[in-house]
Amino acid sequence: MFIDINPENHESPRFDTFNLRDENPVSKNVKTRKISNPNLSMREIHQRIIQAVKDLDNWLWGSFDSPFGNAKQHANNRYFYQTDLRNAFGSVSLKRLADILISLEPKWELEEVKEILDCYCFENGGKGLIVGAPASPKLFEIYAQQIIDVPLAEFWPYMVDGNRIFKKQYSRYTDDLTFSSPEPITDGVRRMIRRIIEQSGFQVNHRKSVVLDLKKGPVVITGVGLEYRHSRSARLFLPRHYLKRMNGLLHLALKGDPRVSYSQIEGLMGVFHGVNSRKYKHAKGIVEFNATELKFLKMYGVFKDRIIGSRQSVKRRRLR
């Protein structure tokens, strides 16, 4: 059996869908987003789906679980091609996802898996994963690893130059794809990459596709900057716009802005600590942050104290 679909909460499972005019609290860019918000019964079903598939992704190919880890893979290369997938969740095929899950866990029944996915995880008519559904990121990760990471990683091979072996790097962070190489990535190679992506059932977002040379300026990958250094791997740093965004989001979080979540702040600070632990790894245990970094850490400390205090207060009320 795939999952038990009888939630403890007896309310009929559903998504409440609405259009949200979403203004980024830092950049002020405005987008209209279709939001699907699960009720308690639907959320419970999705948690059971997440639990059922939690061990099926293997992280063997291009995907990394943090922005810092994603960028770090490319620190030894000079030339870059970056792109992303347009309407990534909407491009997932119900039939192909069900087939992948069965191939990874043969004891499940194909028709049962397809029925549950169709009923609880896909838009009407099987037209892509529901954006906002709790299980969608996990299901997308499993799907993308098999459908796109495998053929792209096989296309991006090792290179040999005399006694030195270089590896062209490919990585994916959700729908952001990065290719790096010690030699230029030509038009022909980029066409082949796009062909593989399109044959996998995805679409390339051409407006966000760029070709970069690290010698000509820093490269930013999932929020982490790489700066060229002669005869050494690139220096990793946090770009100013990332620091500005972090500063703005922390200010909003401390004011209680509901658009800023705890996980969002934790993700930002994870990148901050990842970059700075590398920066100070030779400091013999003594880490000296500059004034801007100390300000972030102080604000983050206040934020953490408030979150912990709030959770302890809720726990005490429940125990009464």
Sole residue being closer than 20 Å to Lys54 by Cα and surrounded by fewer than 16 Cβ atoms within 10 Å (Cβ to Cβ), chosen from Glu141, Glu109:
Glu109
Of those in segment 102-137 that are assigned to a helix (DSSP H, G or I) and within 30 Å of Val219 (Cβ to Cβ), the residue farthest from the chain's Cα centre (by Cα) is Ser136
Of all strands (runs of 3 or more DSSP E) completely enclosed by segment 183-269, which ones contain at least 2 residues that are surrounded by fewer than 14 Cβ atoms within 10 Å (Cβ to Cβ)?
210-213
Return a yes/no flag: does segment 86-94 have any residue that is of a type in the set (S, T, N, Q) and either at pLDDT below 95 or buried (at least 19 other Cβ atoms within 10 Å of the Cβ) (or both).
yes
Residue pairs qualifying under the 6 Å Cβ cut-off, at least six apart or on distinct chains, with the first in segment 81-101 being touching a residue at least 40 places away in the same chain (Cβ under 8 Å) and assigned to a strand (DSSP E or B) and the second being crowded, with 21+ Cβ neighbours inside 10 Å and not polar (S, T, N, Q), are Tyr81/Phe179; Thr83/Leu177; Leu85/Phe202
I'm checking my understanding of the structure. Among residues of segment 59-77 that are hydrophobic (A, V, I, L, M, F, W, C) and either outside any loop (DSSP other than H, G, I, E, B) or under 15 Å from the mean Cα position of the chain (by Cα) (or both), which one is modelled with the lowest pLDDT?
Trp61
Of the residues Ser41, Ser36, only one is of a type in the set (S, T, N, Q) and under 30 Å from His206 (Cβ atoms); which?
Ser36
Name the pairs: first residue in segment 183-200 and more than 15 Å from Ala88 (Cβ to Cβ), second residue in a loop (DSSP other than H, G, I, E, B) and open to solvent by less than 80 Å² (accessible area, probe 1.4 Å), Cβ to Cβ under 6 Å, at least 6 apart or on different chains?
none
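The values are calculated or read from the model by the stated rules, or taken from the named source; none is laboratory data. Keep in mind that what you see is a predicted model, and the values were worked out from it rather than measured. For neighbour counting, all protein chains shown are included, and Cβ atoms are generated from backbone atoms with ideal geometry for every residue, glycine included. The accessibility values were calculated without ligands, DNA or RNA, using every heavy atom of the protein model including side chains. Shrake-Rupley method; radii C 1.70, N 1.55, O 1.52, S 1.80 Å.
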